[in-house]
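Trainee: Got a structure here, written out as structure tokens. Questions coming.
The values are calculated or read from the model by the stated rules, or taken from the named source; none is laboratory data. This structure is a prediction, so every number in the text was calculated from the model and none was measured. A quick note on method: Cβ atoms are made from the backbone with ideal geometry, for glycine too, and the neighbour counts reach across all protein chains shown.
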Amino acid sequence: MNARLPLAHRLLAPPPGWVAHADVVVVGSGIAGLTVALNARRAGLTVLVVTKDVLSAGSTRWAQGGIAAALDAEDSPELHLKDTLVAGVGLCDEAAVRVLVTEGPQAVRRLIELGARFDRDRHGGLELTREGGHLRNRIAHAGGDATGAEIFRALEEAVRAEAEAGGVELIEHALVLDLLFDDRGRAAGVTLHVMGEGQRDGVGAVHSRAVVLATGGLGQVYSATTNPPVSTGDGVALALRAGAAATDLEFVQFHPTALYVGPGAKGQQPLVSEAVRGEGAVLVDAAGERFMVGQHPLAELAPRDVVAKAITRRMSETGADHVYLDGRAFGEDTWRRRFPTIWESCRAHGIDPARELIPVRPAAHHASGGVRTDLYGRTTIPGLYACGEVACTGVHGANRLASNSLLEGLVFAERIAADLATRLPEPRDPVPDDRPEGLLDPAVRGEVQQAMTAGAGVLRSRDSLDETCRRLMAARLRTSDEPCTEAWEATNLHLVASALAAAAREREETRGSHWREDFPDADERWLGHLVTVLRDGTITMEYQKKKEEAP
């Protein structure tokens, strides 16, 4: 990156016009954020939850497939661990995966005790299914394909009950801007902008003893994604500007089967869950050929990177802009019962999945990398935590195993809350921050999405990534001196895209969800992590060899 065009360490914004206080400020309202808020409050801490839209606008509500955990007598945490490590293609942190799979079953049971209603079989047991990469039935789901919505419902009801009782404050329609520091360099709160009417309009500040980032994904750096509009990488951008380390940003999972709704489709795309393939649907090309057979022993149930690459190859070979998912064998009753959300989505786009092939193609879906954390969600900045998709716990490695994301958010959120209950220092006021600030024109958002889609998507190469980085560098010249939500989001997207593209250009191999056409094979010399830090306005990267696991 060119130091002559430095990236800002703070967003240009008016000074805070109001101040709120809490022990903990949680940024985000999905499964991770609400779990932290609920458990921290029950530990006696005061909590303020900030969310960019309404509580339900994040990614959790859109999760269709389910939540993975070893809940069946014929399954075990060890088997779940093995499947996760295979999907992660050598880059998982085995200690983090072990935490996930051993603490996961009880965390799901606590979610059920909270009131989440998962689908049951005729004997009253959990109805567990399979998805790609899992060798056992271990996916718990709710409402067929509305798992995220049900989990969110249960958590929201519990958090709102705590809010009514006092001790939890909820601020909706608020974009968090930057981290505040005390005189020791610890996180001491955040600045934010509230979009609405009332006493706390405009830019304000929350002073706190700890900050938890649970802002979700960064899918909106691409033109087409399964992520909701709020997923603009705000948490990763805030953390980078603050000086925190991010890891594995190059590993962005593209969901193989987003519903294809026509050429030029942009923004959030409807998702056709992997669970549909888990129930037996198959992928075919325009000629009706099942092209996944022979590509992988699990065929359509191969890990997502394998399926996404195979679809992209077949589209390239045939010149088509999509392939098809064939679930006609299910019949209408199964579609309506097991996948009511997908059924309605297909019907809304003029497709009858019980009688017609479903057009699908890959779309940006899940970031395996993010803000670097330890096993308790602590980042490299004291007092700053991260969990959920914004974090890189080491669980996913180079490619997330299906339905591990909800579990990761749940398990590590519980760990963060437990850590907060024992480690919070006495509060100190934030100190002035004189680091350089800046802002980009809102129009940069479209430029970022076009550049990333063209050169840093499913298929990447040195030439494509060089061109993406060049376009992102040029976009830095599009500055603005008019703070607004659109400009702040565009600036966040630009920073995250710049870091992601730089990491993708640096990693010269193909591994998991990172596919380099000019380096088509995995290379053991790259069996490690790229750690990204913003220093003096420049993105810097350090390669860290993966630690050997203890025997």
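Trainee: Could you say which residue among Pro340, Pro256 is more than 30 Å from Gly446 (Cβ to Cβ) and either small (Gly, Ala, Ser) or modelled with pLDDT under 95 (or both)? Spell out how you get there, then give the answer.
Mentor: Numbers: Pro256 fails: more than 30 Å from Gly446 (Cβ to Cβ).
Selected residue: Pro340, the only one of Pro340, Pro256 that is more than 30 Å from Gly446 (Cβ to Cβ) and either small (Gly, Ala, Ser) or modelled with pLDDT under 95 (or both).
Trainee: Those residues that are assigned to a helix (DSSP H, G or I), in contact with a Gly (Cβ under 8 Å, 6 or more places away or on another chain) and of a type outside the set (Val, Ile, Thr), I need them from the stretch 110-152; list them, please.
Mentor: Let us first name the residues in the stretch 110-152 that are assigned to a helix (DSSP H, G or I), namely 110-114, 147-152.
With the extra rule that they be in contact with a Gly (Cβ under 8 Å, 6 or more places away or on another chain), the set shrinks to 147, 149-150, 152.
Once the filter is applied, which keeps residues that are assigned to a helix (DSSP H, G or I), in contact with a Gly (Cβ under 8 Å, 6 or more places away or on another chain) and of a type outside the set (Val, Ile, Thr), the stretch 110-152 yields Ala149, Glu150, Phe152.
Trainee: Here is a list: Arg209, Arg184. Which entry is among the charged types (D, E, K, R), under 30 Å from Arg535 (Cβ atoms) and in contact with a strand residue (DSSP E or B) (Cβ under 7 Å, 6 or more places away or on another chain)?
Mentor: On the way: Arg184 fails: in contact with a strand residue (DSSP E or B) (Cβ under 7 Å, 6 or more places away or on another chain).
After ruling out the rest, the residue left standing is Arg209.
Trainee: Go through the stretch 373-405 and count every residue that is surrounded by 24 or more Cβ atoms within 10 Å (Cβ to Cβ) and assigned to a strand (DSSP E or B).
Mentor: Total satisfying the criteria: 5.
Trainee: Looking at the stretch 271-290 only, could you name the residues that are crowded, with 20+ Cβ neighbours inside 10 Å and at pLDDT 90 or above?
Mentor: We begin by selecting, within the stretch 271-290, every residue crowded, with 20+ Cβ neighbours inside 10 Å; these are 271-278, 281, 283.
Of everything in the stretch 271-290, those that are crowded, with 20+ Cβ neighbours inside 10 Å and at pLDDT 90 or above turn out to be Val272, Val276, Arg277, Ala281, Leu283.
Trainee: From the list Val444, Val431, exactly one residue is surrounded by fewer than 16 Cβ atoms within 10 Å (Cβ to Cβ), of a type outside the set (Gly, Ala, Ser) and modelled with pLDDT of 95 or more. Which is it?
Mentor: Numbers: Val444 fails: surrounded by fewer than 16 Cβ atoms within 10 Å (Cβ to Cβ).
The unique qualifying residue is Val431.
Trainee: Tally time: how many residues in the stretch 485-536 are in contact with a strand residue (DSSP E or B) (Cβ under 9 Å, 6 or more places away or on another chain), farther than 28 Å from Val86 by Cα and surrounded by fewer than 16 Cβ atoms within 10 Å (Cβ to Cβ)?
Mentor: The qualifying residues number 1.
Trainee: What number of residues within the stretch 86-104 satisfy the criterion of being modelled with pLDDT under 95 and part of a helix (DSSP H, G or I)?
Mentor: The total comes to 2.
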